[in-house]
Structures are given as C-alpha cells and as structure tokens.
C-alpha cells in the first residue's frame, strides 16, 4: 500500500495553489508569444450541458461548471478582466458508500466561490475552491481546489494552445468504495499547422500526474501526431498515431501504441458528430512483461431539434490505471441527455449514463479481478433570476452492481442549488 501523503492546512494549500498558477502564467506567457491570435473563448454551451453530474464514478455530485455566460459589464483592473462566480448546493443522499460494505445517509453542503480572469486577449486563469460539509460522521469535511490556466497564440499558419490544470478532491468513489483524496496535475500543449486550409498537421503532448492517498502514484506522458484533411465543407477526416508511457509506483510501468482514425461532421448547424477509434496495444513492463491489445473509441453526437431543444449522445471506451495496486481498468460508457429550455427563464435537463468497468491484473498473466455495472439517472430544473442568479432543483439516482458485494449500492440524492456569475 502506497503511504499516504502528509496533509497541509487549508491556508497553506490555497497559497501553494495560487503560487503555482501565477508562476505558470509567467512561464506560458514567455513561451507562447505570437501575433494576431484569436482571443481565449470559453465554450459555454458545453459547460451548461454538464451542469448536472451524470458520471456514476463519484457518489457525490461533481463541482459546478467553472464558466457560465459572463456579464457584458465585467470588472477591470489594468489589463485584467474579472468574472467572479459562486455556488451553494445542499444535497441529501441515502445509500452512499462510506467504506466497502458500509452504506448510510448524509446531507452535504457545497460552497464554491471562484473567479475567472482574462489577461489581454489570450491568457486566462480560473480558480475555484470548494468546501464540502457532511452531516454524517462517516464522511469527513473537505476543501477541494480547481485551477485552469490557458494560453492560445497564432503565428501565421501555426496555432499553439497551452493549458495547465490542477485539481484536488476527496469525494466518495464507486471504484474505491470510500472517500478518496486525489491531487492531479495535467499539462497540455497542442500545435496545429495549416496547409492551405485543406490539410492540417496536429501535434499533441499531455503530461498527467496523479497522487492518491493509499493508492499508486501515476505519471503518464502521451505524444500524438495526426494529419487532418477537409473532405468537403463540414466534414474533416484524420489519421493519427499516439505513443505513451505510464510510470506507476508501486506497480509495473506501462507503454502503449495507439493508432486511430477520426472524423468530424457538421450539418447545417443542427447536427454535430465527432468520432474516433483505434486499437491500443499496451505493454506491461517488469519481470513478467506481457502485452494486451484492445479497441478504444469515442463518439459524441449533438442534435439541435429546435432552437430550445438539444439532444446529446456519447459513447467511449478507454483503458487506465486503477486506484488499486497492480490493476488496470477497462471502461465502457454510454450516455444520453436532453436539454430543454422552458419559456424564457427556465430550463430542464434529463440524463442517463451507463458504465461497465472491468478490473484486470497488470502484473503477470492478465486476469479479471472485478466487474462493475453502474447507471445514473439525473434531472435538473433551473430558473434564471435577474440574469446573474440561477436557482435549481436537482435529483440523481445512482446504482452499482458488482462481482464484489462490498461495492454494491443504490443511492438517491435530492437537493437545491444557487449559482451566481458576473
């Protein structure tokens, strides 16, 4: 068992996070100097679509979206533009796992103030701390952090997109059956070079470092190259190759090769389809080195039935390192969601997500350790009050069947939420 990391007090942790973010802002600005770059634009439609957490990998609802439609009268200080945001959520849930084989009821209150800062036209920083207070002694109160730093620049036909994220959380997870403290740092650098508007060469680099109390520490590096080709207006096809290396402590390290094909198709502003798929060959290193090949894919489908109705569907299959020593997971997920605007100031979201999670040994001969099948049904009714304030009623039902009985549960959660953005 990997030893737990020492805990920092809340004030020192906040200071450390902000220091890291400000240092990274200086580094990224010096690295990504260019001309005529497009301004940083947040995809608010995607954030709104994810308002209600539907991923059953966590029993507790995830943090609110960091961005909502900003005010047209933001706050200024020199070259900086500020968009404050805040959230309060009250939830009551039953059947929640506090430890494997142990379920109970609790209420939880989330308080999440934050700010989105835009520096010039290209550099942005968002920071959100989230305090969670549980009524049950089976769960501990927590402070989570979410930081996103992004810089985008363009020089002639070359576009560079840099982002750095830091997330810390301590939520109940289906996989571990308990509150699990996680710290994760993700660095991304994307470069796209256009050849005459028809061909494009794309390079992506990702570094993902994860520290988890009582679980293996993982450090993953991925480099991928792809060639994009515009077939006709609205249709882009691509072929690419990705290579990766995962350092696991404790546990066997891994390397993988992932060729894949991608396609994007947009029809008359009503239909948007993204799909990618390939075969990943993963090699488990060490004394008992072995290989395993498996298909991986992703599919997303957005359809605007009317100006007020959006239907989305998603399916994906991925392989990752488990929170348990010497194990990996194969994850198959599909989800459906309906977004409906009601009248002028009301909206309704209804979603369903189904996940099959298989745990396999990563040392020696690959063998199945555990099988989970979970689903989540969620609903949210929201009302906009004086433009900047949104009030919501939320409901979620999460159920997990497992070959290991201690990880089975069925939970219902009800709550209210107030969110503010400026």
Qualifying residues in the stretch 207-223 (those that are assigned to a strand (DSSP E or B) and surrounded by fewer than 17 Cβ atoms within 10 Å (Cβ to Cβ)) - the one farthest from the chain's Cα centre (by Cα): 223
Sole residue being over 20 Å from the mean Cα position of the chain (by Cα), at pLDDT 95 or above and either assigned to a loop (DSSP other than H, G, I, E, B) or over 30 Å from residue 355 (Cα atoms) (or both), chosen from 125, 160, 118: 160
Yes/no for residue 197 being part of a loop (DSSP other than H, G, I, E, B), more than 22 Å from residue 331 (Cβ to Cβ) and touching a residue at least 12 places away in the same chain (Cβ under 8 Å): yes
Of the criteria (1) touching a strand residue (DSSP E or B) at 6+ places or on another chain (Cβ under 6 Å); (2) exposed (fewer than 15 other Cβ atoms within 10 Å of the Cβ); (3) within 28 Å of residue 215 (Cβ to Cβ); (4) modelled with pLDDT under 95, which one residue 101 fails: (1)
Evaluation of residue 137 against (1) surrounded by 18 or more Cβ atoms within 10 Å (Cβ to Cβ); (2) in a loop (DSSP other than H, G, I, E, B) (one fails), failing number: (1)
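Each row is one residue, and each column tells you yes or no for (1) crowded, with 20+ Cβ neighbours inside 10 Å; (2) under 20 Å from residue 345 (Cβ atoms); (3) modelled with pLDDT of 95 or more; (4) out of contact with any strand residue (DSSP E or B) (no Cβ under 9 Å at 6 or more places or on another chain).
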residue: 382; (1), (2), (3), (4): yes, yes, yes, no
residue: 386; (1), (2), (3), (4): no, yes, no, yes
residue: 394; (1), (2), (3), (4): yes, yes, yes, no
residue: 401; (1), (2), (3), (4): no, no, yes, no
residue: 418; (1), (2), (3), (4): no, yes, yes, no
Test: residue 246 is closer than 17 Å to residue 330 by Cα and in a strand (DSSP E or B): yes
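The values are calculated or read from the model by the stated rules, or taken from the named source; none is laboratory data. As the structure is a computational prediction, the values presented were derived from the model and not from experiment. Heads up, the Cβs are rebuilt from the backbone with ideal geometry, glycines too, and the neighbour counts pull from every protein chain shown.
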